[in-house]
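To start, the structure itself, in structure tokens.
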Amino acid sequence: MLKIHDDWKHARQTVLRRQNMMNLDEVPESVQAGIQRVFGQELTPEQAVDRILADVRQRGDEALLDWTARIDGLTLDELCDKLETGLEVPTEEWNAAYKSLSPDLVAALNLSSERIRAFHLRQPIPSLSWTTTNMGGTLGQRTVPLQRVGVYVPGGTVPLPSSLLMAVVPARVAGVDEVIVCTPPRREDGCVPDVTLAAAYIAGVDRLFRLGGAQAIGALAYGTATVPRVDKIVGAGGLFTTLAKRQVYGQVGLDGLYGPTETVIIADETANPTWVAADLLAQAEHDILATAILLTPSRPLAESVQAEVAQQIENLSRADIAAASLAGQGGIVITPDLETAVHLADEFAPEHLCLSVRQPEMWAEGIRNAGGIFLGEHSFEVLGDYVAGPSHIMPTGGTARFSSPVNVLDFVKVINIIGLDPTTATRIGHMASSIARAESLTAHAAAAEHRGGTSQ
């Protein structure tokens, strides 16, 4: 099930070679069947998303109801009967959902929210605003929060209240005026799970809508009579959500484009094989396209982990998903040493990098490319998923080479301040004029020269 690769150089070209998850040349049969069911014809996912977005832009709420009914398997009559207030879930339902949960779950959600808030409050956002008078007048930058942010919370197969907390709480720390959440309804009854509504209540969401997929992204990007247009959309989702985000970029800001989740574990001979196997399986159960890879110089550890995975998977509720994930993208790679393992991991640029080794802090110094680095076996990824504090919305697909996890900076923007004094303006104006004339922009040059810049 979980293959051991003895040739690390060959593994670099196979299990450690990224597949382009946005490549639409080979669309899975299940996706093709879904498109055929909804549209009645063969379309690429890109074409399907384009049609949905165009319809939402043209017909607004009517299109949202229509696509929600068609894609989520609800009839329009059933949907409209359920949604007496439209697509929006009233805040009274959030409060009732919060009160309906078990005390243990409420405590866990509150702890998660508190730790996320405490972590992100440490980001030095106020110090990012600055001014100087040493350049001839006043120059500086002002950091301001975004006014309205849309958070997409996945929920197609399982509820993910943790994803709501991981996006909304940093937005609130940043000072965003209004946070709008869209999350898909359950197909069986058109409702949003109580645990997700409770998380919205805890995090301080402003409005929440029963909307999923491309139609939710379109609503947030374009706005409708019911769903307000936002300045930026944050949050991961499935293929159609990601394609929709890509298409609306420029209409709104984005945090990033996310593919299937991934974990790389680097372990030495001191690692606990039971724990390593459990961590690999925790990642693999997310999605059949999830990636879970172990890099280790210890073949005995590799064999023990392989045996543990085979044993532990038998007891999992999502064993079939985990098995498909491990067979498709998983693996154990034997490396000649830890240095090679670190190099391979850094080259792969994983979403999660777990260091189950002696002196994890030392080995972490060699890592430049990862969404999050988990130091030691007691800092396992599942804690990061829920309660450690940093947002678990991290770059995937190798984008950790150039992007960051969701954080407070995603919810603010910088405005440049230019307030030059007359003397400085006159002194440097002729330089502006010279550059403008080199660019054949004579009106630019004239604007400088009228204010005392040297005439050409």
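The values are calculated or read from the model by the stated rules, or taken from the named source; none is laboratory data. What you see is a predicted model, and the numbers here were worked out from it, not measured in a lab. All Cβ positions, even for glycine, are placed from backbone atoms using ideal geometry, and neighbour counts span all protein chains on display.
Quick notes on this one:
- Residue in region 278-301 that is nearest to the chain's Cα centre (by Cα), counting only those that are buried (at least 23 other Cβ atoms within 10 Å of the Cβ) and assigned to a helix (DSSP H, G or I): 283
- Taking the criterion of being outside any loop (DSSP other than H, G, I, E, B) and either over 17 Å from residue 239 (Cα atoms) or among the hydroxyl-bearing types (Ser, Thr, Tyr) (or both), the residues of region 38-64 that qualify are 54, 55, 56, 57, 58, 59, 61, 62, 63, 64.
- Qualifying residue in region 405-418 (condition: modelled with pLDDT of 95 or more and either small (Gly, Ala, Ser) or over 30 Å from residue 232 (Cα atoms) (or both)): no
- Search result, residues across region 332-372 that are in a strand (DSSP E or B) and over 26 Å from the mean Cα position of the chain (by Cα): 332, 333, 334
- Condition check for residue 57: of a type outside the set (Phe, Trp, Tyr), modelled with pLDDT of 85 or more and touching a helix residue (DSSP H, G or I) at 6+ places or on another chain (Cβ under 8 Å): yes
- The residue that is farthest from residue 177 (Cα to Cα), counting only those in region 215-262 that are acidic (Asp, Glu) and crowded, with 22+ Cβ neighbours inside 10 Å, is 262.
- Any pair with Cβ under 8 angstrom, 6 or more apart, that starts in region 443-456 at a residue that is of a type outside the set (Ser, Thr, Tyr) and ends at one that is surrounded by fewer than 15 Cβ atoms within 10 Å (Cβ to Cβ) and modelled with pLDDT under 90: 445/456; 449/455; 449/456
- Subset of region 404-424 (residues that are of a type outside the set (Phe, Trp, Tyr) and either without any contact (Cβ under 8 Å) to a residue 60 or more places away in the chain or under 21 Å from residue 165 (Cβ atoms) (or both)): 404, 405, 406, 407, 408, 409, 410, 412, 422
- Scanning region 86-120 for residues that are loosely packed, with under 12 Cβ neighbours inside 10 Å and not charged (D, E, K, R) turns up 102, 103, 107.
- Restricting attention to region 301-338 and to residues that are of a type outside the set (Gly, Ala, Ser) and out of contact with any helix residue (DSSP H, G or I) (no Cβ under 9 Å at 6 or more places or on another chain), the residue that is farthest from residue 259 (Cα to Cα) turns out to be 337.
- Qualifying residue in region 432-451 (condition: over 22 Å from residue 128 (Cβ atoms), in contact with a strand residue (DSSP E or B) (Cβ under 9 Å, 6 or more places away or on another chain) and outside the structural domain of residue 142 (by TED's automatic domain parsing)): no
- Within region 306-331, the set of residues being surrounded by 15 or more Cβ atoms within 10 Å (Cβ to Cβ), in a helix (DSSP H, G or I) and touching a residue at least 60 places away in the same chain (Cβ under 8 Å) comprises 306, 309, 313, 323, 326, 329.
- Boolean, residue 145 is modelled with pLDDT of 95 or more, touching a helix residue (DSSP H, G or I) at 6+ places or on another chain (Cβ under 7 Å) and surrounded by fewer than 22 Cβ atoms within 10 Å (Cβ to Cβ): yes
- Among (1) crowded, with 24+ Cβ neighbours inside 10 Å; (2) out of contact with any His (no Cβ under 9 Å at 6 or more places or on another chain); (3) at pLDDT 95 or above; (4) not hydroxyl-bearing (Ser, Thr, Tyr), the one test that residue 265 misses: (2)
- Of the residues making up region 97-126, those that are free of Cβ contacts under 8 Å to residues at least 60 places away in the same chain and part of a helix (DSSP H, G or I) number 8.
- One residue alone among 398, 429, 384 is in contact (Cβ under 8 Å) with a residue 12 or more places away in the chain, within 30 Å of residue 179 (Cα to Cα) and surrounded by 19 or more Cβ atoms within 10 Å (Cβ to Cβ), and that residue is 384.
- Qualifying residue in region 429-442 (condition: outside any helix (DSSP H, G or I), modelled with pLDDT of 95 or more and β-branched (Val, Ile, Thr)): no
- Checking each residue of region 334-345 against the condition of being in contact (Cβ under 8 Å) with a residue 60 or more places away in the chain and closer than 22 Å to residue 393 by Cα gives at least one match.
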